[in-house]
Amino acid sequence: MSSWLSKESWSEIVEALSAKPFRTLLTAFGVFWGIFILVVLLSASKGLENGVKKDFRGIATNSMFVWAMPTAKPYKGYAQGRQFNYVNKDVEILKSKMPELRLISPRLQLGGHRGTNTVVRGTTVSAYTVYGDAPEFILQEPMDIRQGRFINHKDMDDKRKVAVIGEGVVEELFKKNENPIGEFITINSVNFKVVGVYYKESAFGNPETNQKKVFLPFTTFQQVFNMQNVVGWMALTAIDEVPITSIKEKIKDILKKEHSIHPDDKKAIGNFDLFEKYNQINGLFDILQVIAYFVGTLVLVSGIIGVSNIMLIVVKERTKEIGVRRAIGAAPSVIRGQILLESLVLTLIASMVGVILSAVLIWAVNGVLDNDPSAVTMFINPSVNLSAVIVSLVLIVLSGLLAGLLPAQIALKIRPIDALRDE
């Protein structure tokens, strides 16, 4: 009597699977399709995640922005609907009272939200977004400085009339191959010396528009454009150990107190919590992965049911053979092992083909995206990580064993005398 791991056992497996190849292929297709769908869905989810998160690359996501809105409640003699502005003092107060904040950048913009302003260079005139910013802002929304430098603290202290401009500004205001560093541009009749050129990728705004901005030192902006000590809005970034969402209300309470705003006024302190939105996006992709596993597993289960049904038929067809083996002393473990092994081999072969073909498809899609990266901007490098592959392999092994478990138990119930009488 030979072991179910012997050469003879493997020969029996090959013979059983090749005896009726069309039936075997149809049975294997369900398992193949289940694994194929699972891997493709997981890789597609990852590709979409990579595409969305690419736009957040380098941005300080543990951040929020605050701006002033009309008050919604009367308070301390002030009427409802009162307009107010943040001032330089607010920045210093937040720095002193909020040690959880790592970066605080006051900001100003000519023309208000989404406004543009005329910028002149020689006889060339165009309109761009013009900001007044602190040096820390580049740490919150990074830019690739292609030439020169960004605004520094010396610019702020001395209120220097310098500017950092985008590559889009350079293309429109300067001649081809002309070096803009050291040249002057004019904004509202005030000349600014260009000290840097940036290129910026961002999750916010049009990619082309992002290259058409002008950054000035915040203090210079206040002085030359007669903004006094007004702060348009602030970009706030918390230390890594503290989610800014957890201290958002404390920040708002401080600002309400400084500007005599009712404690229950929910509208006066306008804000956008980037950390909260980023976590929502992460949660969405977690859900997509769960859906991918759920759908793939359901398809795989249907394939496993097909394998189990076929193994039941195989056991029925081999009733006499099993009876003879039992009659000559084959142990129940050998019979069970043979049936389980046949089921496992069929499942593994079908699954491996599914994994290989899905990998080929993923490779082909990545090749298309690499050759034409602008074709799909929100879908980048679809792939499956190692943990997903391990989970898939575990599913394959368990599925193969489950598919053969019931047929194996039925095979053990066949009595030798009944099997020998079977026609």
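The values are calculated or read from the model by the stated rules, or taken from the named source; none is laboratory data. Source: prediction; values computed, not measured. Cβ placement follows ideal geometry from the backbone for every residue including glycine, while neighbour counts extend to all protein chains displayed. Accessible surface is based on the protein model in full, side chains and every heavy atom, while ligands, DNA and RNA are left aside. Shrake-Rupley method; radii C 1.70, N 1.55, O 1.52, S 1.80 Å.
Checking each residue in the stretch 363-387 for being within 25 Å of TYR293 (Cα to Cα) and either loosely packed, with under 14 Cβ neighbours inside 10 Å or at pLDDT below 75 (or both) picks out TRP363, ALA364, VAL376, MET378, PHE379, ASN385, LEU386, SER387.
Does LEU255 satisfy the criteria of being aliphatic (A, V, I, L, M) and free of Cβ contacts under 8 Å to residues at least 12 places away in the same chain? Judged against the criteria, LEU255 is not a match. The helices (runs of 4 or more DSSP H) falling completely within the stretch 94-177 that include 2 or more residues that are open to solvent by 40 Å² or more (accessible area, probe 1.4 Å) and in contact with a helix residue (DSSP H, G or I) (Cβ under 9 Å, 6 or more places away or on another chain) map to 153-158, 167-173.
How many of the residues in the stretch 73-92 are of a type outside the set (Ser, Thr, Tyr) and buried (at least 16 other Cβ atoms within 10 Å of the Cβ)?
Going residue by residue through the stretch 73-92, those that are of a type outside the set (Ser, Thr, Tyr) are 73-74, 76-77, 79-85, 87-92.
If we keep only those that are buried (at least 16 other Cβ atoms within 10 Å of the Cβ) as well, we get 73, 82, 84, 87, 90-91.
Number of matching residues: 6.
Scanning the stretch 39-52 finds no residues that are of a type in the set (Ser, Thr, Tyr), in a helix (DSSP H, G or I) and open to solvent by 30 Å² or more (accessible area, probe 1.4 Å).
On the stretch given as the stretch 284-312, residues that are open to solvent by less than 60 Å² (accessible area, probe 1.4 Å), within 15 Å of the chain's Cα centre (by Cα) and of a type in the set (Val, Ile, Thr) total 0.
Within the bounds of the stretch 125-141, is there any residue that is more than 20 Å from PHE225 (Cβ to Cβ), without any contact (Cβ under 8 Å) to a residue 60 or more places away in the chain and over 34 Å from the mean Cα position of the chain (by Cα)? Step through it out loud before you land on a result.
Within the stretch 125-141, the subset more than 20 Å from PHE225 (Cβ to Cβ) is 136, 138-141.
Adding the requirement that they be without any contact (Cβ under 8 Å) to a residue 60 or more places away in the chain leaves 136, 138.
Within this subset, residues satisfying the condition of being over 34 Å from the mean Cα position of the chain (by Cα) are none.
No; the residues of the stretch 125-141 include none that is more than 20 Å from PHE225 (Cβ to Cβ), without any contact (Cβ under 8 Å) to a residue 60 or more places away in the chain and over 34 Å from the mean Cα position of the chain (by Cα).
Across the stretch 388-410, what is the total count of residues that are at pLDDT 75 or above and either within 22 Å of the chain's Cα centre (by Cα) or under 16 Å from ALA28 (Cα atoms) (or both)?
Residues of the stretch 388-410 at pLDDT 75 or above: 394, 398.
Then keep just the ones that are either within 22 Å of the chain's Cα centre (by Cα) or under 16 Å from ALA28 (Cα atoms) (or both); that gives 398.
Going through the stretch 388-410 one residue at a time, the tally reaches 1.
Considering (1) surrounded by fewer than 16 Cβ atoms within 10 Å (Cβ to Cβ); (2) modelled with pLDDT of 75 or more; (3) among the small types (Gly, Ala, Ser), the lone condition that GLY30 does not fulfil carries the number (1).
Taking the stretch 221-236 as the search range and keeping residues that are polar (S, T, N, Q) and at pLDDT below 95, which one is surrounded by the fewest Cβ atoms within 10 Å (Cβ to Cβ)? Let's see the steps before the verdict.
Let us first name the residues in the stretch 221-236 that are polar (S, T, N, Q), namely 222-223, 226, 228-229.
Going one step further and asking which of them are at pLDDT below 95, we end up with 226, 228-229.
Details: ASN226: 8, GLN228: 10, ASN229: 14.
Restricting to residues being polar (S, T, N, Q) and at pLDDT below 95, the top hit is ASN226.
Among the listed residues PHE275, PHE215, which satisfies the condition of being at pLDDT 95 or above and either within 21 Å of ASP90 (Cα to Cα) or under 35 Å from the mean Cα position of the chain (by Cα) (or both)? Lay out the reasoning, then the answer.
Working: PHE275 fails: at pLDDT 95 or above.
Residue meeting the stated conditions: PHE215.
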